[in-house]
Amino acid sequence: METGSIIGAAGLFCLAAVLMIGWALSAYNRLVRQRNQVQASWAQIDVQLKRRYDLVPNLVETVKGYAAHERGTLEAVLAARTGAMAAAVAPEVSVRAGAENVLTQTLGRLFALAEAYPDLKANQNFAALHSELTRTEDKIAYARQFYNSAVQTLNTSVQSVPTNLIAGLGGFRSTDYFEALDGERAAVQVRS
Amino acid sequence: MDSRLFLDLVATAVALGAWFGAYGLVRGFTRPASPTPAPATMELGTEPPAVVSLLVNRWSVTEDAAESTLLDLAARGFLELRQPDDDPMRTTLHLPPSPPDDSGLRPYERHVRDRVRGLAVDGVVPLTALSFRDAAQAKAWNRRLRSQVVADARAAGLSRRRFGPAVTSLMTAAAGVVAVVVVVVLWHYSSWHSTEGNPVVGGGIVVFGVLTAIAGLSPGERDTPLGRQVAAHWLGVRDWLRGHEQFDELPPASVAIWDRYLSYGAAVGATRLTSTVLDLGMGNRKLVWSSLGGTWHRVRVRYPRFSARYGQTLPKLLPRAAISIAVGGFLLKVFGPDFDLVPNSADQAEQIFTMVTAGVVVVGLVLLVSGGHTLVRGVADLVTERTVTGEVLWLEVWRTTNQGEDRPARPWLHYLAVDDGTGDRTTAWGLPSQWAGDCRDGDVVTIRVRPWTRRVVAFAVVGHSRSRRLVEREILTGGGVNEVVRIGDTVRRPTGPWSARVHELLRHLAAQGFAAAPRVRDTSEPGFELLDFLPGEVSNYPPTPAAASVEALESAAALLRAYHDATAEYARRAPRDGWQVAATEPVEVICHGDYAPHNCVLDGNRVVGIIDFDHAQPGPRIWDVAYAAYRWVPMTAPENTDGFGTVEEQAARLRTFCDRYGLDDSARADLIDVTVARLHALVDFMHAQAAAGNAAFAGHLADGHHLQYLNDARYVRAQRLVFERALRRGRSGDLRDEGRRRGEDRQPGHH
């Protein structure tokens, strides 16, 4: 009788252990999947940001031909681009987001300035660059949404009980969001 | 068996077998491809979502096509989705007042938009109301959508007929060959068998007809090289979207943020919640979403059809079983002794008799066994009765009784598919039709059932679904910001932090004997108030002829005056804070804040009631009069399609309004300035509300309502002289008649 109950208890224990291990494995795999998604989403932002770095010098050159004396703005754009490219190697997402936001703002100023130069606006090269940059910024906006959504999923898993135990063991950490400009964020909130 | 007959049979079988084999091979070869997905990507292509859903669903059009088209229309600004709270089932669809140019819309996009338009009341339709009630209608609508999507995909070179004309011709030719073989065989048979009137040609025609019909049945669409390439890309997009777990949980209204990503997500099947909420009657009755247990999941439902036992009661089954046993027994008893398994008589008549006997004996055996089986299982069914509780997935008529030609068939049995949470597969129960009206899909029911006959013997609804709650209430028009529902002679409205003040005001009005405002019935339900329903008509924009009449204008002014007078004493002691809109000094009365046709109840041409006191605020009379005049006169710019009248006509009506209100001279002098200030204050209020997260006001801003107000304010200022001259001029009796003519000449829809 006693042996029977010992065997029963041992069986139950084994069963519980197997279930635990099964759960831990699936939780770990899920975290891996979520982290990969964050990385893949980040890569999409990265592609678009780099595309923007490539477009900026051409844009500045074109504007120079019509509005060379707006040196301050042009230099600010180039400086912001250099700053953003430097920040691209920084490990913190927030640093990079900040630098990219500066570039977005200075580009906005540049386009506002172009309004005052009808010849520049009529330039086909400028128009093409303008629309290409607008498209890129749109893509950046969506890529950022995807990235933030992936980060939110990962962070929720990493922080909530009991997956946080597996996350701690596996070295999964919460990741920063790629923050939008304050103005842009407000715009999104109004629309939602 | 005669070797010649054997030869004939073999020849026929070979010909038919070869044809069906060829048909099967052709089907196999033309099976739509399942391309390997491209690497996951967020780059969208140029194909519309409906075509994308065709490509990723192996070239078949599913319900995703209509759903994704609807979302795509929303993403492109042709429709608008608004979700008032956390529950996506309460999402409403709005038709924007100024939609983009629709000349580029594809036929199926128009088809979906027209469906929404057809259901919309005042430009609004609850999302859950989009599904069809009538199966035939749903089928016709979907068939049209499907053919339009397929035509578009074919035109783009992404899809083609699964059987091309060459294949169909070949199969038809082959059917001709088979028919010839059959004719030859029949002729051969008749030649040695000397049968009279052998239908040689007839048989050939029947065979040819049947085979051609089979070959001509549309087996759907298949891939093209370009289609495979494009499908691979979209499968990559699907993988990308599926990788984002949040996408699965996005509600339809999130299309405002995700734009076309949401519509393409629905097209590739990556948006579970959105697809669940959206149901354009494409609801697949065999694969139904269930929310039992708090999570949405799909349940596969089987609907038994052919067996006679389904849905029957024991008293009906037992006599059948008895008859079956009796007949079976009788047949066996009579023909059993003559049953000869190995007949070897040469006489033809005897041979036929033996074969018939064998057939009858088999029939008798079958009847006996099935009767016995029915008897045993029917009785066992009584013993194995069990109780099932679950969510109603589907309810539809199963069997009907014909009552003669002039009377409609009366249903006596319904299919009732219930998800009891035990698995993702279930078989529908047979629900006696008298209970069918008591429940609706989404309700939770407890039923007592007999598992073998699938008959429901006891039935009770234990919980109502959300969609049912929506449907049962009449959604009232007017207001425009809050969802207000009528329940009997009461109105249930959402409340806000200011509602306590409004309730005090309404109670005060009731105590004063002011009967034109609703009384407060109940405020115990958190977040809602229950007020009197004021019977009558409420106009929207453009106003109805009744609301535009001079009688309405005059009675509106008189009622506003009566309302103000009833609040004057209360305004002196009423708190200045806690209202939705801040108090305006000097306080003389409690301003209604939105005294406009959409908040007034008309009895014929007379304004008899005031509703929606949410914008009430202590303030000066002129603050309310200015806005009321702007709305009722109306003092709108010619571009504003909600208004009417030339500036002279408006000035005359303004004069009438102020006379009936009894506005004093100093107020008349300030009226134009106050009107302009009041409109600016309204726009500021809209901005403040939108910034605070009020989706309805954000929607109004997105629609450009504020621009209309600002434009009207400019117009009022520009026409100041005309308005002020009319306000100052001595009384003129002809104004009333002129205005009345205007009001009565107006026809609905002339804007």
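Miscellaneous remarks
- Efficiency of FRET from Cβ geometry, B:D86 and B:D438, R₀ 35 Å, rounded to 0.05: 0.75
- Degrees between helix B:550-573 axis and first principal axis of chain B (Cα, 0 to 90, nearest 10): 70
- Cross-link partners of B:K286 among lysines, defined as those whose alpha carbon lies under 22 angstrom from its own and excluding same-chain residues fewer than eight positions apart: B:K139.
- Under a 5 Å amide H cut-off, with hydrogens placed 1.01 Å from N, B:W394 pairs with B:A417 among residues at least 5 apart or on other chains.
- Residue-wise HN-Hα coupling along the range B:716-728, computed from phi with Karplus coefficients 6.51, -1.76, 1.60 (Hz; x: Gly, Pro): 4, 5, 5, 9, 3, 4, 4, 5, 5, 4, 4, 5, 7
- Helix A:2-66 axis, angle to chain A major axis (alpha carbon atoms, nearest 10°): 0
- R0 of 30 Å, Cβ-Cβ distance A:A141-B:A677: FRET efficiency to nearest 0.05: 0.20
- Taking 21 Å as the straight-line reach from the Cα of A:K139, the lysines in range (excluding those fewer than 8 positions away in the same chain) are A:K50.
- Working from label points 7 Å from Cα in the Cα-to-Cβ sense, the B:V180 to A:K64 distance is 8.3 nm.
- Virtual paramagnetic centre 7 Å along Cα→Cβ of A:N125, amide N under 14 Å, in the range A:81-99: none
- Interface between chains A and B: roughly 1900 Å² of accessible area buried, both sides summed (probe 1.4 Å, protein heavy atoms only).
- Using C-alpha pairs under 8 Å with a sequence gap of at least 6, the mean separation divided by the residue count of the range B:482-727 gives a relative contact order of 17 percent.
- Probe 1.4 Å, protein heavy atoms only - accessible area per residue of the range A:42-192 in square angstrom: 51
- Those GluC sites (Glu not before Pro) in the range B:627-710 that DSSP places in a loop and that have at most 12 other beta carbons within 10 Å: B:E639
- Relative protection proxy for A:5-12, A:23-30, A:87-94, from highest mean packing down: A:23-30, A:87-94, A:5-12 (other beta-carbon atoms within 10 angstrom).
- Residues along the range A:19-40 losing 30 Å² or more of accessible surface when the other protein chains are present rather than the chain by itself (probe 1.4 Å): A:Q37
- Theoretical FRET efficiency, 1/(1+(r/R0)^6), r = Cβ-Cβ of B:T400 and A:F111, R0 56 Å, to 0.05: 0.20
- Stretched out straight at 0.36 nm per residue, the stretch from B:S218 to B:E569 would grow longer than its current Cα-Cα span by 118.5 nm.
- Peptides B:664-673, B:300-309, B:531-540 ordered by packing proxy, namely the average of other Cβ atoms within 10 Å per residue, highest first: B:531-540, B:664-673, B:300-309.
- Interface residues, the range A:124-155 - accessible area loss of 40 Å² or more versus chain alone, probe 1.4 Å: A:Y142, A:Q145, A:F146, A:S149, A:T153
- Counting Lys and Arg as +1 and Asp and Glu as -1 over every other residue whose Cβ lies under 14 Å from the Cβ of B:I622, the net charge comes to -3.
- Summed side-chain charge close to B:T453 - residues other than B:T453 whose Cβ falls under 9 Å, Lys, Arg +1, Asp, Glu -1: +4
- Phi angles across the range B:574-585 convert, under the Karplus curve 6.51 cos²θ - 1.76 cosθ + 1.60 with θ = phi - 60°, into 3J(HN,Hα) values of 5, x, 8, 10, x, 7, 5, 10, 4, 5, 10, 8 Hz, Gly and Pro given as x.
- Applied to the range B:656-667, the Karplus parametrisation 6.51 cos²θ - 1.76 cosθ + 1.60 on θ = phi - 60° returns per-residue 3J(HN,Hα) values of 4, 4, 5, 5, 5, 6, x, 6, 7, 5, 5, 5 Hz, with x for Gly and Pro.
- Accessible area of the range A:40-192 belonging to carbon and sulfur atoms, whole % at 1.4 Å probe: 55
- Ordering of A:103-113, B:161-171, B:230-240 by burial proxy (mean other Cβ atoms within 10 Å per residue, highest first): B:230-240, A:103-113, B:161-171
- For the peptide B:231-244, the mean number of other protein chain Cβ atoms found within 10 angstrom of a residue's Cβ is 2.
- Gyration tensor (alpha-carbon) shape descriptor, the range B:482-727, a/c threshold 1.5: rounded
- The share of accessible area on chain B that comes from carbon and sulfur is 56 percent, using a 1.4 angstrom probe.
- Those residues of the range B:86-109 whose amide nitrogen sits under 18 Å from the label point placed on B:R117, 7 Å along Cα→Cβ: B:93-109
- Expected 222 nm ellipticity per residue - DSSP helices of 4 or more, -39500 (n - 2.57), all of chain B, to 500: -16000 deg cm²/dmol
- Entry comment: accessible area of the range B:482-727 is 38 Å² per residue, from protein heavy atoms only and a probe of 1.4 Å.
- The range B:317-381 - Debye-derived log10 I(q)/I(0), Cα point model, q = 0.24, 0.27 Å⁻¹: -0.88, -1.01
- Amide hydrogen neighbours beyond the local backbone of B:V601, cut-off 5 Å, H modeled: B:V608, B:G609, B:I610, B:I611
- Angle in degrees between helix A:93-114 and the longest Cα principal axis of chain A, rounded to the nearest 10: 20
- Relative contact order, percent, chain B [alpha-carbon distance under 8 Å, six or more residues apart]: 9
- Peptide B:683-692 has a mean shielding of 1, counted as Cβ atoms of other protein chains within 10 Å of each residue's Cβ.
The values are calculated or read from the model by the stated rules, or taken from the named source; none is laboratory data. Predicted model only: the values in this text are computed from it and were never measured. Positions of Cβ are backbone-derived with ideal geometry, glycine not excepted, and every protein chain shown enters the neighbour counts. Side chains included, ligands, DNA and RNA excluded: accessible areas come from the protein's heavy atoms. Shrake-Rupley method; radii C 1.70, N 1.55, O 1.52, S 1.80 Å.
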